[in-house]
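Read through the structure below, which is laid out as C-alpha coordinates, and then see the notes.
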Amino acid sequence: MALLATPVAALDLPSGQSVELQEVLVDQLGSETWLRFRFIAPAIARADGTVTFEQAEPDFPRLCEAFAIPYIAEYQLEGDVIVISLADRATEFGANDPDATQFFEAFRPDGATCVWEGL
(Lines give C-alpha, C1' and ligand atoms only; values in the text may rest on other atoms or scores of the structure.)
Protein backbone atom coordinates (compact mmCIF):
# COMPACT_ATOMS: atom_id res chain seq x y z
CA MET A 1 0.00 0.00 0.00
CA ALA A 2 1.52 3.35 -0.99
CA LEU A 3 0.49 6.60 0.59
CA LEU A 4 0.81 9.97 -1.04
CA ALA A 5 4.15 11.64 -0.57
CA THR A 6 4.19 15.08 0.94
CA PRO A 7 7.03 17.58 0.87
CA VAL A 8 9.31 17.29 3.86
CA ALA A 9 9.00 20.32 6.06
CA ALA A 10 12.34 22.03 6.48
CA LEU A 11 14.25 19.89 8.96
CA ASP A 12 17.71 20.61 10.18
CA LEU A 13 19.43 17.32 9.49
CA PRO A 14 22.73 16.72 11.27
CA SER A 15 24.50 16.07 7.95
CA GLY A 16 23.26 19.37 6.51
CA GLN A 17 21.78 17.62 3.48
CA SER A 18 18.34 18.28 2.04
CA VAL A 19 15.96 15.39 1.45
CA GLU A 20 12.56 15.02 -0.17
CA LEU A 21 9.96 12.40 0.68
CA GLN A 22 9.45 10.08 -2.30
CA GLU A 23 6.78 7.88 -0.75
CA VAL A 24 5.51 6.07 2.31
CA LEU A 25 4.80 2.37 1.97
CA VAL A 26 2.90 0.13 4.38
CA ASP A 27 3.95 -3.53 4.20
CA GLN A 28 2.82 -6.57 6.12
CA LEU A 29 5.82 -8.83 6.83
CA GLY A 30 4.69 -11.88 8.73
CA SER A 31 2.90 -10.62 11.82
CA GLU A 32 4.51 -7.15 11.67
CA THR A 33 3.51 -3.99 9.87
CA TRP A 34 6.46 -2.10 8.39
CA LEU A 35 6.17 1.57 7.53
CA ARG A 36 8.76 2.55 4.91
CA PHE A 37 9.64 6.23 4.59
CA ARG A 38 11.58 6.59 1.35
CA PHE A 39 13.51 9.84 0.91
CA ILE A 40 15.45 11.20 -2.05
CA ALA A 41 18.83 12.48 -0.90
CA PRO A 42 20.94 13.60 -3.89
CA ALA A 43 23.93 14.44 -1.67
CA ILE A 44 24.66 10.74 -1.03
CA ALA A 45 25.41 9.97 -4.70
CA ARG A 46 28.58 7.93 -5.21
CA ALA A 47 29.90 9.94 -8.16
CA ASP A 48 29.45 13.50 -6.98
CA GLY A 49 27.84 13.28 -3.55
CA THR A 50 29.04 15.24 -0.57
CA VAL A 51 27.52 13.15 2.24
CA THR A 52 28.89 9.74 3.30
CA PHE A 53 26.96 7.10 5.22
CA GLU A 54 28.83 8.08 8.37
CA GLN A 55 27.75 11.70 7.91
CA ALA A 56 24.15 10.69 7.10
CA GLU A 57 23.85 8.21 9.96
CA PRO A 58 22.57 10.77 12.52
CA ASP A 59 19.92 11.86 9.98
CA PHE A 60 18.05 8.56 10.35
CA PRO A 61 16.84 8.96 13.95
CA ARG A 62 16.14 12.65 13.27
CA LEU A 63 13.94 11.77 10.27
CA CYS A 64 12.27 9.01 12.27
CA GLU A 65 11.45 11.14 15.31
CA ALA A 66 10.87 14.55 13.70
CA PHE A 67 9.11 13.38 10.53
CA ALA A 68 7.93 9.74 10.62
CA ILE A 69 6.42 9.74 14.12
CA PRO A 70 4.32 12.89 13.49
CA TYR A 71 3.36 11.57 10.03
CA ILE A 72 2.17 8.30 11.57
CA ALA A 73 0.07 10.23 14.08
CA GLU A 74 -1.36 12.58 11.44
CA TYR A 75 -2.38 9.76 9.10
CA GLN A 76 -3.42 7.43 11.95
CA LEU A 77 -1.06 4.66 10.87
CA GLU A 78 0.07 1.79 13.03
CA GLY A 79 3.32 -0.05 12.56
CA ASP A 80 5.80 -2.27 14.32
CA VAL A 81 8.87 -1.19 12.35
CA ILE A 82 9.78 2.13 10.74
CA VAL A 83 12.31 1.97 7.92
CA ILE A 84 13.98 5.19 6.87
CA SER A 85 15.69 4.96 3.50
CA LEU A 86 17.76 7.50 1.62
CA ALA A 87 18.44 7.16 -2.11
CA ASP A 88 20.31 9.54 -4.36
CA ARG A 89 17.48 9.34 -6.90
CA ALA A 90 13.89 8.19 -7.13
CA THR A 91 13.82 4.41 -7.38
CA GLU A 92 11.05 1.87 -7.73
CA PHE A 93 10.62 -0.08 -4.50
CA GLY A 94 12.00 -3.59 -4.81
CA ALA A 95 13.55 -3.00 -8.24
CA ASN A 96 17.28 -3.48 -8.72
CA ASP A 97 19.05 -0.21 -9.58
CA PRO A 98 22.82 -0.80 -9.37
CA ASP A 99 23.55 2.86 -10.17
CA ALA A 100 21.56 4.17 -7.20
CA THR A 101 23.15 4.83 -3.83
CA GLN A 102 20.82 3.78 -1.03
CA PHE A 103 21.13 3.79 2.77
CA PHE A 104 18.63 2.20 5.18
CA GLU A 105 17.99 2.07 8.92
CA ALA A 106 15.14 0.45 10.86
CA PHE A 107 13.57 1.54 14.12
CA ARG A 108 10.87 0.43 16.55
CA PRO A 109 8.49 3.24 17.48
CA ASP A 110 8.26 3.83 21.23
CA GLY A 111 5.93 6.75 21.83
CA ALA A 112 7.66 9.83 20.38
CA THR A 113 11.00 8.01 20.21
CA CYS A 114 12.54 5.71 17.63
CA VAL A 115 14.62 2.79 18.92
CA TRP A 116 17.28 1.65 16.45
CA GLU A 117 16.85 -1.93 15.22
CA GLY A 118 20.29 -2.35 13.67
CA LEU A 119 19.35 -4.25 10.50
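Once the C-beta distance of ASP99 and PHE53 is scaled by a Förster radius of 22 Å, the resulting FRET efficiency is 0.80 to the nearest 0.05. Taking +1 at the Cβ of each Lys and Arg and -1 at the Cβ of each Asp and Glu, which of TRP34, PRO58, LEU11 sits farthest along the dipole of the chain towards its positive end, judged by Cα position relative to the Cα centre? Checked the options; the winner is LEU11.
Which percent, to the nearest 5, of DSSP beta bridges fully inside the chain are antiparallel?
75
Spin-label pair GLU65-GLU92: with each label point 7 Å from Cα along the Cα-Cβ axis, the two points sit 3.7 nm from one another. Using a probe of 1.4 angstrom and keeping all protein chains present, the accessible surface of region 1-117 works out to 55 square angstrom per residue. Considering only PRO98, PRO58, PRO14, the Gaussian network model of the chain with Cα springs below 10 Å gives its largest mean-square fluctuation to PRO98. When you work out D = kT/(6 pi eta Rh) for the chain at 37 °C and 0.692 mPa s, using the Kirkwood radius from C-alpha pairs as Rh and the Stokes-Einstein form, the result is 228 µm²/s. Compute, for PHE93, the solvent-accessible surface of its heavy atoms (probe 1.4 Å) with the complete set of protein chains present, and express it in square angstrom to the nearest 10. Looks like 100 Å² after rounding.
Surface composition of the chain: carbon plus sulfur atoms contribute 51% of the solvent-accessible area (1.4 Å probe, protein chains only, all chains present).
The values are calculated or read from the model by the stated rules, or taken from the named source; none is laboratory data. From a predicted model like this one, the values you see are computed outputs, not experimental measurements. A quick note on method: Cβ atoms are made from the backbone with ideal geometry, for glycine too, and the neighbour counts reach across all protein chains shown. These area figures cover heavy atoms from the full protein model, side chains too; ligands, DNA and RNA do not enter into them. Shrake-Rupley method; radii C 1.70, N 1.55, O 1.52, S 1.80 Å.
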